[in-house]
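Everything below concerns the one structure shown next.
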Amino acid sequence: MKKLLIIRSVSFQQLDNNLKAIKDKFPEHEIHLLTHEHGRKLAEKYKGIKQIWIYPYKEGFGYSRKCQELENEHFDVVIVPCTNLSGTGFINVFLFSLSIHVKERYKCNLISEIKAFSKVQVMFWWIRSQIFKIISLFLSGIIGIMGFGVFFLCKGLGQLKTRK
């Protein structure tokens, strides 16, 4: 039997909706679920889940926070559910998926579209996110400096009016 791991990065309500599409696309796979400790009880309600794995950290999924229990496990498929259409904002989960021994990786979006992604795509998404962070910090700095400039200019003009 082939093994499929879902990295639960979305609400259980969304997982309820995504699960049917996942089962339809991968009918010959036994389904495993990785969730945080606080999700254990809700995860146990699913009848079709072969095994529930618990992520040992309270923080979000991250490449540097590997799950030791999965270190010797091999999966045929890993699925990363996303709460939007593109998967934007889930780079930490995509990066985490690189720490798992797996043949194929997929993302399952809000409307249950299932699309493959590769290690190269994940690295590209990470580099792109870093570039956007740098641009954002740069622009925030410029706007902050301009804001201080306008503030002091207005303050200076106010003092000129009071001197007259």
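The values are calculated or read from the model by the stated rules, or taken from the named source; none is laboratory data. Computed from a prediction, not measured in an experiment: that's the story for all the values here. Cβ: placed from backbone, ideal geometry, glycine included. Neighbour counts: every protein chain shown.
For region 126-156, the candidate set comprises residues that are among the small types (Gly, Ala, Ser) and at pLDDT 85 or above; within that set, the residue that is nearest to Gly62 (Cα to Cα) is Ser129. Restricted to region 49-66, and to residues there that are in a strand (DSSP E or B) and of a type outside the set (A, V, I, L, M), the residue that is farthest from Ser97 (Cα to Cα) is Lys50.
Filtered by the rule that a residue be under 18 Å from the mean Cα position of the chain (by Cα), outside any helix (DSSP H, G or I) and under 21 Å from Ile100 (Cα atoms), region 5-31 gives Leu5, Ile6, Ile7, Arg8, Ser9, Val10. The condition of being under 14 Å from Cys108 (Cβ atoms) and touching a residue at least 40 places away in the same chain (Cβ under 8 Å) holds for Ile7. Being of a type outside the set (Phe, Trp, Tyr), free of Cβ contacts under 8 Å to residues at least 60 places away in the same chain, under 17 Å from Lys107 (Cβ atoms) and exposed (fewer than 15 other Cβ atoms within 10 Å of the Cβ): is that true of Gly60 here? Yes; evaluated as a whole, the condition is true for this residue. Scanning for something closer than 13 Å to Leu4 by Cβ, of a type in the set (Asp, Glu) and over 19 Å from the mean Cα position of the chain (by Cα), does region 40-52 turn up at least one residue? The answer is no; no qualifying residue exists.
To keep it simple, each residue is scored yes or no on (1) among the hydrophobic types (A, V, I, L, M, F, W, C); (2) surrounded by 14 or more Cβ atoms within 10 Å (Cβ to Cβ); (3) under 14 Å from Cys108 (Cα atoms).
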residue	(1), (2), (3)
His32	no, yes, no
His36	no, yes, no
Trp53	yes, yes, no
Lys66	no, yes, no
Leu70	yes, yes, no
Asn84	no, no, yes
Gly89	no, no, yes
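Looking only at region 105-115, decide whether some residue is part of a loop (DSSP other than H, G, I, E, B), among the charged types (D, E, K, R) and either in contact with a His (Cβ under 9 Å, 6 or more places away or on another chain) or surrounded by fewer than 16 Cβ atoms within 10 Å (Cβ to Cβ) (or both). Taking every residue of region 105-115 in turn, at least one turns out to be part of a loop (DSSP other than H, G, I, E, B), among the charged types (D, E, K, R) and either in contact with a His (Cβ under 9 Å, 6 or more places away or on another chain) or surrounded by fewer than 16 Cβ atoms within 10 Å (Cβ to Cβ) (or both). When you check Lys103 against the structure, is it in contact with a Pro (Cβ under 8 Å, 6 or more places away or on another chain), within 26 Å of Asn17 (Cα to Cα) and touching a residue at least 24 places away in the same chain (Cβ under 8 Å), yes or no? Criteria not met by Lys103.
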